[in-house]
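Structure first, then comments.
The values are calculated or read from the model by the stated rules, or taken from the named source; none is laboratory data. The model shown is predicted, which means the values in this text are computed figures rather than measured ones. Cβ atoms come from the backbone with ideal geometry, glycine included; neighbour counts cover every protein chain shown. Please note that ligands, DNA and RNA were not included when accessible areas were found on the heavy atoms of the full protein model with its side chains. Shrake-Rupley method; radii C 1.70, N 1.55, O 1.52, S 1.80 Å.
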Amino acid sequence: MLDNGDLHITQTFDYRLESRGTPWRQMFQQYTLSSDRLTTISDISVTDLTTGRTYTQDTVHSPSGYGDAGWDSTCAGHWYIADITQSQSHPDPFDPELDALTATAVGESAQTKDVEIGWNIPSTRSAKSMRFELAMTWHGVATAYDDVVALEWEPFSALNSTPAARVTGTFPFPKGISESNSWAWLHTGAASETTRLDDGSLQFTVTDLPGGEYINVVVMAERQPTSAVSREQAGQMKQRILEQERREARIASNARQREARERLVIWLIPAVLALLLVVGRLSAPSARAHRAGATPRRSSIGVNHRI
């Protein structure tokens, strides 16, 4: 987090590419710009950490229009940013400066755009590990209120279809902000853990993130006298955000408890049916003996009487 409320982000991706019918040629991440929390993305760089190659910017190329040799010589080694608001299959050009959204206040009607940042790799049939670094700056992220500066960061949006086995992240604050005067929350439907480090940074881990699941980080810090955040909005916001996060935590906790009960029922029903079937089979000889005039022996299995 920068002093002006922007975010300088560095993400490292480690891809495992399974063999499929067509070669792998393009990696991408998709983000939603919104005039009240993210106006544009700039300062983009892509580095192949496996080979050390730094990619250069180019326009969007469709992988289906090239053979392996043509793709590798013309398209591989380049990255792009495109506007996919109207169509993902026919993206429009996006200029981070000219096409940036005009910042609006939180709560006002917001303009939005969906953008895709992608990079073209050499045609690859399969790979156990391919590591890439994506760095960029997100602008217009934070809002400065009378008492706090607040922002939301969504490193993975619901637009992303690629699952991740493990996601780890660290969110550091500007100088002068520590755990004593800041708050941070992680929102995701996947299993997760969070901790605050000695310098106040939020560290999080998300496991088994499915495609279409988002990761959202909400951050709030007491406003500093030297705050240079460009989006300012009058009013006290600290207590409102704290109450909202408490409410969402209760909702999430109730949902987890409900899911746990549903899973328990799902597991118990087959178990009970199987037990009843076993008891039924064990009691059948006693029934036949009783009909034959023999004295029935009491079953040693009494579990069915306690169900």
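Pairs under 7 Å by beta carbon, first residue open to solvent by 80 Å² or more (accessible area, probe 1.4 Å) in the range 1-19, partner of a type in the set (Ser, Thr, Tyr) and part of a strand (DSSP E or B), six or more apart or different chains?
Between residues of the range 1-19 that are open to solvent by 80 Å² or more (accessible area, probe 1.4 Å) and residues that are of a type in the set (Ser, Thr, Tyr) and part of a strand (DSSP E or B), the close pairs are His8/Thr137; Asp14/Ser129; Arg16/Ser129.
Has the range 60-81 got at least one residue that is closer than 18 Å to Ser34 by Cα and either at pLDDT 95 or above or surrounded by fewer than 20 Cβ atoms within 10 Å (Cβ to Cβ) (or both)? Lay out the reasoning, then the answer.
Filtering the range 60-81 down to residues closer than 18 Å to Ser34 by Cα leaves 81.
From what's left, either at pLDDT 95 or above or surrounded by fewer than 20 Cβ atoms within 10 Å (Cβ to Cβ) (or both): 81.
Within the range 60-81, one or more residues are closer than 18 Å to Ser34 by Cα and either at pLDDT 95 or above or surrounded by fewer than 20 Cβ atoms within 10 Å (Cβ to Cβ) (or both).
For Gly200, which of the numbered conditions (1) in a helix (DSSP H, G or I); (2) touching a residue at least 24 places away in the same chain (Cβ under 8 Å) fails to hold?
(1)
Please go through the range 172-184 and give me each residue that is in a loop (DSSP other than H, G, I, E, B) and either on the phi > 0 side of the Ramachandran plot or not small (Gly, Ala, Ser) (or both), ordered by number.
At the first step, the residues of the range 172-184 found to be in a loop (DSSP other than H, G, I, E, B) are 172-178.
The answer is Pro172, Phe173, Pro174, Lys175, Gly176, Ile177.
If only one of Leu159, Leu101, Leu186, Leu134 is touching a residue at least 24 places away in the same chain (Cβ under 8 Å) and closer than 26 Å to Arg246 by Cβ, which one is it?
Working: Leu159 fails: closer than 26 Å to Arg246 by Cβ; Leu101 fails: closer than 26 Å to Arg246 by Cβ; Leu134 fails: closer than 26 Å to Arg246 by Cβ.
Just one listed residue meets the conditions, Leu186.
Based on what the data block shows, is Thr137 under 27 Å from Pro63 (Cα atoms) and touching a strand residue (DSSP E or B) at 6+ places or on another chain (Cβ under 7 Å)? Quick ask: steps written out before the conclusion?
Numbers: under 27 Å from Pro63 (Cα atoms): no; touching a strand residue (DSSP E or B) at 6+ places or on another chain (Cβ under 7 Å): yes.
So Thr137 does not fit the description; no.
Here are the criteria: (1) in contact with a Pro (Cβ under 9 Å, 6 or more places away or on another chain); (2) assigned to a strand (DSSP E or B); (3) within 30 Å of Glu152 (Cα to Cα). Tell me which single one Met27 does not satisfy.
Going through (1) in contact with a Pro (Cβ under 9 Å, 6 or more places away or on another chain); (2) assigned to a strand (DSSP E or B); (3) within 30 Å of Glu152 (Cα to Cα) one by one, Met27 breaks only (1).
Output the residues belonging to the range 146-171 that are assigned to a loop (DSSP other than H, G, I, E, B) and either charged (D, E, K, R) or at pLDDT 95 or above (or both).
First, the residues of the range 146-171 that are assigned to a loop (DSSP other than H, G, I, E, B): 146-147, 157-163.
Within the range 146-171, Asp146, Asp147 meet the criteria.
What is the residue count in the range 179-195 for residues that are over 19 Å from the mean Cα position of the chain (by Cα) and either at pLDDT 95 or above or surrounded by 15 or more Cβ atoms within 10 Å (Cβ to Cβ) (or both)? First the steps, then the outcome.
First, pick out the residues of the range 179-195 that are over 19 Å from the mean Cα position of the chain (by Cα): 179-183.
Keeping just the survivors that are either at pLDDT 95 or above or surrounded by 15 or more Cβ atoms within 10 Å (Cβ to Cβ) (or both) gives 179, 181-183.
Looking only at that region, the number is 4.
Take the residues of the range 24-33 that are at pLDDT 95 or above and of a type outside the set (A, V, I, L, M, F, W, C): which is least open to solvent (accessible area, probe 1.4 Å)?
Here the answer is Arg25.
Please go through the range 37-74 and give me each residue that is β-branched (Val, Ile, Thr) and either touching a residue at least 24 places away in the same chain (Cβ under 8 Å) or in contact with a Lys or Arg (Cβ under 9 Å, 6 or more places away or on another chain) (or both), ordered by number. Give the derivation first.
Restricting attention to the range 37-74, the residues satisfying the condition of being β-branched (Val, Ile, Thr) are 39-41, 44, 46-47, 50-51, 54, 56, 59-60, 74.
Of everything in the range 37-74, those that are β-branched (Val, Ile, Thr) and either touching a residue at least 24 places away in the same chain (Cβ under 8 Å) or in contact with a Lys or Arg (Cβ under 9 Å, 6 or more places away or on another chain) (or both) turn out to be Thr39, Thr40, Ile41, Ile44, Val46, Thr47, Thr50, Thr59, Val60.
Are any residues in the range 34-52 part of a strand (DSSP E or B) and surrounded by 16 or more Cβ atoms within 10 Å (Cβ to Cβ), and if so, which ones? It would help to see each step written out before you state the result.
First, pick out the residues of the range 34-52 that are part of a strand (DSSP E or B): 34, 38, 40-48.
Across the range 34-52, the qualifying residues are Ser34, Leu38, Thr40, Ile41, Ile44, Val46, Thr47, Asp48.
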